[in-house]
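Following: one structure in structure tokens, then a few remarks.
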Amino acid sequence: IKQVMKINLGLHLGFASTRFYEPKIWTDIVRNEFNLDYVQFVSDLIEPSLPKKIIKNEIKKIKFYTKKHKIYIKHAMTLPRYNYIGHSNPYISNYWKNWLKDFIKISSELGVEGAGSLLGIYSFDDLENNFQKIRKRVIDGWVDVSKYAKTCGIKYLIWEPMSVKREMGETIRATKSLHNELNRKSHIPILLNLDVDHGDIKSKNKDDYNPYKIIKSLGKYSPAIHLKQKTKDIYSHKPFIKKYNKIGLIKPDKIINELSKTGIKEVTLYFEFSFREREPFDSSSIKDIKESVKYWRKYLDN
């Protein structure tokens with residue numbers, strides 16, 4: 001497949017947050033087990049509300065070991081599922097906005113290009129009764145975060161379109177609308193972090209949950225993309241191992257082919273897997289990621 005853009009292969013560090021949280025250990029695994037150059041940092045590895053001294057020491061360790069192993073932290077993403085700026089209580093919403101700013105600051109010190117989160121989550125009550133009010137709060141909040149991110153030297157923010165209306169960006173149309181509104185007032189670009197397994201499966205438009213159609217429509221705005229094997233059951237986050245690839249809907253050549261048409265100059269594909277805290281899954285993360293990297297490398301130059 002002819003590639004007209006640079007495609008980086010990387011790893012979302014969510015799998016490591018309790019298993020391999022020491023920078024010395026996870027950097028060693030990323031380099032010596034997977035031989036990957038790129039990782040997407042996650043907020044669980046340095047919780048932004050920790051005391052500043054602890055944060056400073058953790059950043060120092062991460063910078064030392066990533067430099068040692070020649071690993072690049074190109075993007076950072078929050079991990080927990082909170083309402084964030086979408087919370088209906090303005091004091092709580094404001095707390096999360098400041099928390100996000102702290103995360104942006106940490107990310108900037110780690111040298112990222114872009115950092116972000118999902119936009120915000122509605123409660124069912126707010127979805128029904130306060131839709132526009134919460135939407136405005138979320139957009140205004142992100143514009144404010146973009147102003148702060150600019151002072152930190154971040155090139156752009158990223159947000160992740162989700163799969164239900166409550167979590168925002170569930171359809172191609174909704175994502176485009178939010179993208180345009182966010183960037184109308186933002187101080188730096190607010191781009192996307194697409195996920196090949198997201199999209200509203202109840203949408204009347206089948207494109208809204210077709211990973212290839214989503215990439216075709218939105219890939220040009222997405223310098224980071226989450227990869228996992230998608231199967232017909234609802235919850236996946238599955239690795240690209242033989243038994244899942246046989247029944248899986250995600251084909252590397254098709255993903256790369258769609259990306260090549262978007263005109264994006266560089267994209268980083270991050271494996272984002274969830275290994276349940278049950279055996280055999282809990283102990284299989286390294287083995288399964290290794291197999292996934294090998295599988296994708298067949299289709300890529302790196």
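The values are calculated or read from the model by the stated rules, or taken from the named source; none is laboratory data. From a predicted model like this one, the values you see are computed outputs, not experimental measurements. With ideal geometry, Cβ positions are generated from the backbone for all residues, glycine too; neighbour counts draw on all protein chains shown. All accessible areas refer to the heavy atoms of the entire protein, side chains included, with ligands and DNA or RNA removed. Shrake-Rupley method; radii C 1.70, N 1.55, O 1.52, S 1.80 Å.
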- Message: Being touching a His at 6+ places or on another chain (Cβ under 9 Å) and either outside any helix (DSSP H, G or I) or within 23 Å of Lys220 (Cβ to Cβ) (or both) is the filter here; which residues of the stretch 146-158 pass it?
- Response: Ser146, Ala149, Lys150, Ile158
- Item | Long-range neighbours under 7 Å by Cβ, at least six apart or interchain, first residue open to solvent by 20 Å² or more (accessible area, probe 1.4 Å) within the stretch 191-211, second assigned to a strand (DSSP E or B) and of a type in the set (Phe, Trp, Tyr) | Leu191/Tyr156
- For residues in the stretch 14-35 being in contact (Cβ under 8 Å) with a residue 60 or more places away in the chain and not in a loop (DSSP other than H, G, I, E, B), which is most open to solvent (accessible area, probe 1.4 Å)? Glu33
- Task: Quick one: which helices (runs of 4 or more DSSP H) lie wholly within the stretch 36-134 and hold at least 3 residues that are open to solvent by less than 40 Å² (accessible area, probe 1.4 Å) and in contact (Cβ under 8 Å) with a residue 40 or more places away in the chain?
- Result: 52-68, 90-109
- Item | Evaluation of Ile139 against (1) open to solvent by less than 50 Å² (accessible area, probe 1.4 Å); (2) out of contact with any Ser or Thr (no Cβ under 9 Å at 6 or more places or on another chain); (3) assigned to a helix (DSSP H, G or I); (4) under 30 Å from Ile250 (Cα atoms) (one fails), failing number | (4)
- Note on the structure: When Lys298 is run through (1) open to solvent by less than 70 Å² (accessible area, probe 1.4 Å); (2) touching a Pro at 6+ places or on another chain (Cβ under 9 Å), the failure sits at (1)
- Message: Out of everything in the stretch 167-180 that is open to solvent by less than 60 Å² (accessible area, probe 1.4 Å) and in contact (Cβ under 8 Å) with a residue 40 or more places away in the chain, what residue ends up being farthest from Tyr221 (Cα to Cα)?
- Response: Glu167
- Query: What is the one condition in (1) in contact with a helix residue (DSSP H, G or I) (Cβ under 7 Å, 6 or more places away or on another chain); (2) surrounded by fewer than 18 Cβ atoms within 10 Å (Cβ to Cβ) that Lys232 does not satisfy?
  - Reply: (1)
- Among the candidates Phe275, Phe271, single out the residue that is open to solvent by less than 20 Å² (accessible area, probe 1.4 Å), among the aromatic types (Phe, Trp, Tyr) and at pLDDT 95 or above. Phe271
